[in-house]
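Worksheet: one structure, shown below.
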Amino acid sequence: MPATPSDLFAFLDKLGVAHATVTHPALFTVEQSRELRGTIPGAHTKNLFLKDKKDALFLVTALEDAVIELKSLHRRLGASGRFSFGSADLMRATLGIEPGAVTPFAAMNDNDGRVSVVLDAALMRHATVNCHPLVNTMTTSIAGADLLRFLEATGHPPRIVPVAEQESPPRD
């Protein structure tokens, strides 16, 4: 069984990681998030579940307004050939989440270590990062440094690299 938001929060508590969560209607796109998130401070994210030509899997998390050129991203990340989006079935099997709820927190469900987590360098310059806590009906705020601790604790030390074509300055 994949982890639930409650499992995630218990794991964060066990790590001593401060987190705050807001419940809201289901959000499936960055545009919907912008309309409904209200005044949640910090960086808001977009997440891409990708696979390369040799079926290596990548979870890329960047600022919500990052311009990511998929045609060249594989070169930036040293992947084998161009990326395609991972299917919903593959996402469920590896990350235990549904489309629309893609999040770096899903690394806790990847017990086989198939997914490489990549965090955009511009995102990690923000003090607070906001992600879905395994479902798209909530947003969880966490310190960027604590996101790194979480990922390392799940066995997914992230690569922090510039993935966006254009970077925005930190706003928090």
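The values are calculated or read from the model by the stated rules, or taken from the named source; none is laboratory data. Just so it is clear, the structure is predicted and the values come from calculations on it, not from any experiment. Neighbour counts run over all protein chains shown; Cβ positions are idealised from the backbone, glycine included.
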Counting just the residues of the stretch 42-59 that are in contact with a Lys or Arg (Cβ under 9 Å, 6 or more places away or on another chain) and in a strand (DSSP E or B), which one comes out farthest from VAL102 (Cα to Cα)?
ALA43
Which listed residue is at pLDDT below 90, of a type in the set (D, E, K, R) and exposed (fewer than 15 other Cβ atoms within 10 Å of the Cβ), from ARG82, ARG34:
ARG34
Select from the stretch 53-72 the residues that are of a type in the set (A, V, I, L, M) and surrounded by 15 or more Cβ atoms within 10 Å (Cβ to Cβ) and write down the one among them that is farthest from CYS131 (Cα to Cα).
ALA56
Those residues of the stretch 114-127 which are touching a residue at least 40 places away in the same chain (Cβ under 8 Å) and in contact with a helix residue (DSSP H, G or I) (Cβ under 9 Å, 6 or more places away or on another chain) amount to ARG114, VAL115, SER116, VAL117, VAL118, LEU119, LEU123, ARG125, HIS126, ALA127
From the list LEU70, LEU77, LEU59, which one is in contact (Cβ under 8 Å) with a residue 60 or more places away in the chain, out of contact with any Asp or Glu (no Cβ under 8 Å at 6 or more places or on another chain) and not charged (D, E, K, R)?
LEU77
Taking interchain pairs and intrachain pairs at least six residues apart, which have beta carbon atoms under 8 angstrom, with the first residue in the stretch 83-102 and aromatic (Phe, Trp, Tyr) and the second part of a loop (DSSP other than H, G, I, E, B)?
PHE83/ASP52
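Do we find that ARG75 is surrounded by fewer than 19 Cβ atoms within 10 Å (Cβ to Cβ) and closer than 24 Å to VAL163 by Cα in this structure? Walk me through it before giving the result.
Details: surrounded by fewer than 19 Cβ atoms within 10 Å (Cβ to Cβ): yes; closer than 24 Å to VAL163 by Cα: yes.
Yes: the conditions hold for ARG75.
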What number of residues within the stretch 76-112 satisfy the criterion of being of a type outside the set (S, T, N, Q), under 21 Å from THR4 (Cβ atoms) and not in a helix (DSSP H, G or I)?
9
Which of (1) closer than 25 Å to ALA153 by Cα; (2) crowded, with 18+ Cβ neighbours inside 10 Å; (3) at pLDDT 95 or above; (4) not β-branched (Val, Ile, Thr) does ARG92 not meet, given it meets every other one?
(2)
The condition from (1) under 15 Å from THR140 (Cα atoms); (2) surrounded by fewer than 18 Cβ atoms within 10 Å (Cβ to Cβ); (3) in contact (Cβ under 8 Å) with a residue 60 or more places away in the chain; (4) not aliphatic (A, V, I, L, M) that SER6 misses is numbered (3)
Where VAL118 falls short, out of the listed (1) within 23 Å of LYS54 (Cα to Cα); (2) part of a helix (DSSP H, G or I)
(2)
